[in-house]
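Comments concern the structure below.
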Amino acid sequence: FYLMSVKFKSPTAAGVALLPYMCAFLPGSAVVSQLITRHGRFLWAIRAGWVVATLGIGLFILIDTDTQTVVWAAAEVVFGLGSGMILSSINFGIQAIVRTEDCGRAACMYAFMRTLGMTIGVAVGGTVFQNLMAHKLADLSLPIEIEKNAEAYIAILKTMAATDPTRIAVLQAYVYGFKGVFQVMTGVSGIGLLATLFIKHHDMNKVLQSSYRLSRQIE
């Protein structure tokens, strides 16, 4: 999105870059939920979701400053579809695996682990991006302080001419940093895909039971 902001010189236009992802994420999640509910099987959706998501995030590694819109939009669609499939299918899976009385706890734990994963992902991704960008800036004989203010430096890049050698070099450093982040994400997604091989089939046809009872205290 940094690169889109520089290319289009508008924060609004850069935000539109998320549209292909969301257009695939929401339908992917909804359709998979309906299919799992109808057929009573979730394992196929988990594995297929990780395959598609790994492929999608792997395609991001190919993105460069000169990448055409149709290419990065297609990569977002693939990744969004896979992410939507994973979001719904895992929610079904954890509730099918645990005891019926533990479904509520399992759903809460799933939401907690997703949130925890987001915070860890931001920290790891930011660290990888800054370190790789600083390394590339040093190779290009540019100030490494740029990586510490990568977002703020976008405003400076917008004022430079498209043919300015400094602008071109800094954009190369941005791309180098992002490629490293996408490579790490592809590896993590690949680990998630391998982990699905250890998931066993569980019957989803369960009667929801609860040990909680409504009681009324009479004074």
Problem set entry | Residue check, MET133 closer than 21 Å to ASP66 by Cβ and at pLDDT 90 or above | yes
Exercise. On the given criteria, is ARG114 of a type in the set (Lys, Arg), surrounded by fewer than 17 Cβ atoms within 10 Å (Cβ to Cβ), within 25 Å of the chain's Cα centre (by Cα) and under 22 Å from SER189 (Cβ atoms)?
Worked result: yes
Exercise. Looking at this structure, is SER5 modelled with pLDDT under 85, part of a helix (DSSP H, G or I) and among the hydroxyl-bearing types (Ser, Thr, Tyr)?
Worked result: yes
Exercise. Considering the stretch 192-219 alone, what residues qualify as being farther than 24 Å from GLU101 by Cβ, among the polar types (S, T, N, Q) and either open to solvent by 100 Å² or more (accessible area, probe 1.4 Å) or modelled with pLDDT under 60 (or both)?
Worked result: GLN217
Problem set entry | Among the candidates LEU193, LEU132, residue that is more than 24 Å from VAL52 (Cα to Cα) and touching a residue at least 24 places away in the same chain (Cβ under 8 Å) | LEU132
Problem set entry | Every pair of residues 6+ apart whose Cβ atoms lie under 6 Å, when the first sits in the stretch 19-32 and is in a helix (DSSP H, G or I) while the second is of a type in the set (A, V, I, L, M) and open to solvent by less than 60 Å² (accessible area, probe 1.4 Å) | PRO20/ALA73; GLY28/MET85; SER29/LEU87; VAL32/ALA45; VAL32/MET85
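The values are calculated or read from the model by the stated rules, or taken from the named source; none is laboratory data. All figures in this text were calculated on a predicted structure; none of them were measured in a lab. Cβ atoms come from the backbone with ideal geometry, glycine included; neighbour counts cover every protein chain shown. In case anyone asks, the SASA skips ligands and DNA or RNA and just uses the protein heavy atoms, side chains included. Shrake-Rupley method; radii C 1.70, N 1.55, O 1.52, S 1.80 Å.
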